[in-house]
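Below: one structure, written as structure tokens.
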Amino acid sequence: MDLKPILLKAESDFNNAVSALNINEVKAKYLGKKSFLGELMQKMKDFTPEERKEYGKLANDFKVALEVLYEKALKRVNDMEIEKRLTENKLDITLPGLNFNQGTIHPLTKITREIEDLFLALGYEIKEGPEVEIDEYNFEKLNLPKNHPARDMHDSFYIDAHRLLRTHTSPVQVRTMLESQSNELKIICPGKTYRRDLDDATHSHQFMQIEGLVIGPNINMANLKGTLDLLAKTIFGQDREIRLRPSYFPFTEPSVELDVSCQCQKQGCPICKYTGFIEILGAGIVNKKVFAMCGLDPEKVQGFAFGLGVERIAMLKYKMNNLRHFYTNDLRFLKQFKGGL
Ligand code: PHE
């Protein structure tokens, strides 16, 4: 039995197949039940043992040869398929990528983070608290009892008789003292605050503050002055000077107002209203009454506190004349503040 011609025909059939489907047809033709090989296998049981031995080997070699042809053809069309897909969906990896619109850090966030960074480096902790605050923490424990005239300065949004939108972040300091009962603390309290102001170029009913509190043994006015000097120079530049003026806050005694020398090098200009200095924050030595109301022994601890308005600092630093720019989300304004932390 000469199987060579069948093998040659099978080889050419497999070579002419151009798809997996074609190949399976050719496979059925030569390896299927109804193929020459299939029928030969069927007949095997009728052969004598000698014949079976001879034809068995022949049929097996034939089958292996056909399977090799099949595998080769299958690989060839699979490769062709991959090649085709690669050329059809050509991806040019040298094309420029999509341009995503990247936002910028809001100037108020930028200033806040710069100030936070300074105080973190000085070993302070950042503390936060609720924006809806109780009267007791916003006023009473800060030595502003009910009907105290200084409450007038904090035009407040009351929610009910006991709760209001905090008018400063000082209540976070009250909370921290009450909670920690520690005689040593260094904290800053950034956050949103609210006052019943009519919105205009320099007032907003909602604004941001950063307040600071340091308590410990022998904390004094010199510590406060040194800290504020560093703060002013960090924000506005090393060439700036500071000046303390007496002031009044119920929670500090004595109290001061901090001025920083103007960018005009004290020559006088419209920004400083020709005084050479600009007021930037309030501060003072913590009133003993506040310590007592927060559960600390006023004879054992001293401390200083300060509070600044982030918008005011940002307006001075970026030479802005209208506070509303911070809140109106005009991209032409916001995009000017590239970079930052
Ligand atoms: N809490 C004050 C305010 O909002 C600022 C301040 C804080 C003043 C700490 C002195 C000491 O007006």
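FYI, it's all coordinate maths here, none of it is from the lab. Please read these numbers as outputs of a predicted model, since none were measured by experiment. Neighbour counts are summed over all protein chains in view; Cβ atoms, including those assigned to glycine, are modelled from backbone coordinates with ideal geometry.
Evaluated at q = 0.12, 0.17 Å⁻¹, a Debye calculation over the C-alpha positions of region 1-66 (equal weights, vacuum) places log10 I(q)/I(0) at -0.33, -0.61. Each of LYS4 and GLU128 was given a label point 7 Å from its Cα along the Cα-to-Cβ line. The distance between the two points is 8.8 nm. Separation of the alpha carbons by more than 28 angstrom is noted, of LYS33/LYS75; LYS9/LYS53; LYS110/LYS300; LYS33/LYS57; LYS90/LYS338; LYS186/LYS338, for LYS110/LYS300; LYS90/LYS338; LYS186/LYS338. Take the alpha carbon gyration tensor of region 200-243, find the square roots of its eigenvalues, order them as a ≥ b ≥ c, and report rounded if a/c is under 1.5; if not, report prolate when a/b exceeds b/c, else oblate. Note, shape of region 200-243 comes out oblate.
Across region 1-74, C-alpha contacts under 8 Å between residues 6 or more apart give a mean separation that, scaled by the residue count, equals a relative contact order of 40 percent. What is region 249-341 by shape, rounded, prolate or oblate, if you read a ≥ b ≥ c off the alpha carbon gyration tensor as root eigenvalues and call it rounded for a/c under 1.5, prolate for a/b larger than b/c, and oblate otherwise? Oblate shape, in that a/c is at least 1.5 and b/c is the bigger or equal ratio.
Using +1 at the Cβ of each Lys and Arg and -1 at the Cβ of each Asp and Glu in the chain, identify which of CYS262, ASN147, ILE159 lies farthest towards the dipole's positive end. The Cα lying farthest towards the positive end belongs to CYS262. In terms of the Cα gyration tensor, with a ≥ b ≥ c the square roots of its eigenvalues, is the chain rounded because a/c is under 1.5, prolate because a/b exceeds b/c, or oblate? Prolate shape, in that a/c is at least 1.5 and a/b is the bigger ratio. By DSSP, the beta bridges lying fully in the chain are antiparallel in about 95 percent of cases.
Using the average count of surrounding beta-carbon atoms within 10 Å as a protection proxy, the listed peptides 146-156, 198-208, 169-179 rank, highest first, as 169-179, 198-208, 146-156.
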